Amino acid sequence: MDRNVPQHIAIIMDGNGRWAKEKNRPRTAGHYQGTENVRNIAIKANDMGVKVLTLYAFSTENWKRPQEEVNYLMGLPAIFITKFLKELMEKGIKIATIGDLSAFPDSTRKVLEEAMEKTRDNKNMTLVFAMNYGGRKDIVDGINRYVDDYVSGRVREKMTEELFNSYLSTAEYPEIDLMIRTSLDYRLSNFLLWQLSYTELYFTDTYWPDFTPEEFEKAINNFTQRSRRFGGLKDEN
Ligand code: IPE
Ligand code: IPE
Ligand code: MG
């Protein structure tokens, strides 16, 4: 594996609606095209040696959208998996999720659970879909689980940063090196709030459906030129 390639990349896949609007098409057409692009970027990331790719697919705030759009978004995991699972298997990609799937229709949950089970032993990249995910909810859920463990005596330690990490939905994954947001909005929109504390950020004006593997590579090349100091000093300083 190329040591310059980030181990863990997170992406806020934004701009599906604007992409569709520019083409006078319904927002759902943008979501469909965006889903196709998940395949392209996942394959590229895996080929480049990325270990974990976490994609923001549906936020805890996205329930505010019109019911029709929410329903369409709920159906996308099935479309994605039906179309691409075979290829992901061939590439050794493992599928995982973070976020609260309990609010999703049974059919969506079933498709995701089957795909996770089927790809469980794959050893290349893990493709994590953040679905009904909110950074604040992740933190609050973690606190509640810690409180239960502490009160019941299963855990006796006081809270530390390391212990807290283990209570988050991302516990098993490495630190996020690079976070990409497409469509030129400069905000986190309640994505991985705790986890992004020292992540390098990359913003592009390209809408997610148009974000090509070449542009993804460009983002990684940009990342590799940055000097990550983590509050310290580098030799050249
Ligand atoms: C991102 O695209 C997809 C989801 C949030 C599910 P948007 O639907 O937010 O697209 P814009 O921001 O309206 O263009
Ligand atoms: C963030 O995009 C959520 C996802 C990409 C799933 P939004 O489009 O929902 O975020 P805001 O509304 O611009 O903050
Ligand atoms: Mg948006």
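Read-outs throughout are calculated quantities, based only on the coordinates presented, and are distinct from any laboratory measurement. These numbers come from a predicted model, not from an experiment. Reconstructed Cβ throughout: ideal geometry from the backbone, glycine too, with neighbour counts over all protein chains shown.
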Provide the per-residue ³J(HN,Hα) series for region 15-21, in order, calculated from phi with Karplus coefficients 6.51, -1.76, 1.60 and θ = phi - 60°, each as a whole number of Hz, with x at glycine and proline positions.
-> x, 4, x, 5, 4, 5, 4
Using θ = phi - 60° and Karplus 6.51 cos²θ - 1.76 cosθ + 1.60, couplings along region 23-32 (whole Hz; Gly, Pro as x) | 9, 6, 10, x, 3, 4, 5, x, 5, 5
Separation in nanometres of the label points that stand 7 Å from Cα toward Cβ, at E22 and E172 | 3.8
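Expected output is a single nm value to one decimal: the length gained when fully extending between V70 and D106, i.e. 0.36 nm times separation in residues minus the C-alpha distance. What is it? Mind showing how you got there, number by number?
Numbers: separation 36, 0.36 × 36 = 12.96 nm, distance 1.49 nm.
Once the chain is fully extended between V70 and D106, it gains 11.5 nm.
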Given the options P66, P26, P105, which has the most mean-square fluctuation in a GNM of the chain, springs set between C-alpha atoms less than 10 angstrom apart?
-> P66
Considering only DSSP beta bridges whose two residues both sit in the chain, what percent are antiparallel, to the nearest 5?
-> 0
Once amide H atoms are placed 1.01 Å from N in the peptide plane, what residues at a sequence separation of 5 or more from E200, or on another chain, have their amide H within under 5 Å of its amide H?
-> L178, M179
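Restrict the search to region 164-193; then list the chymotrypsin sites (Phe, Trp or Tyr not before Pro) that DSSP places in a loop and that have at most 12 other Cβ atoms within 10 Å of their Cβ. Numbers along the way, then the final one.
On the way: sites: F164, Y167, Y186, F191; in loops: Y167, Y186, F191.
Answer in residue order: Y186.
What full-extension length gain, to one decimal in nm, is calculated for N222 and F164 as 0.36 nm per residue of separation minus the Cα-Cα distance? Could you put the intermediate results ahead of the total?
Values: separation 58, 0.36 × 58 = 20.88 nm, distance 3.10 nm.
Difference between extended and current length: 17.8 nm.
Between rounded, prolate and oblate, where does region 100-237 land on the alpha carbon gyration tensor, with a ≥ b ≥ c its root eigenvalues, rounded for a/c under 1.5, else prolate if a/b exceeds b/c?
Values: a/c = 1.96, a/b = 1.21, b/c = 1.62.
Oblate.
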Packing-wise, with mean Cβ within 10 Å as the measure, how do 36-42, 106-112 rank, highest first?
-> 36-42, 106-112
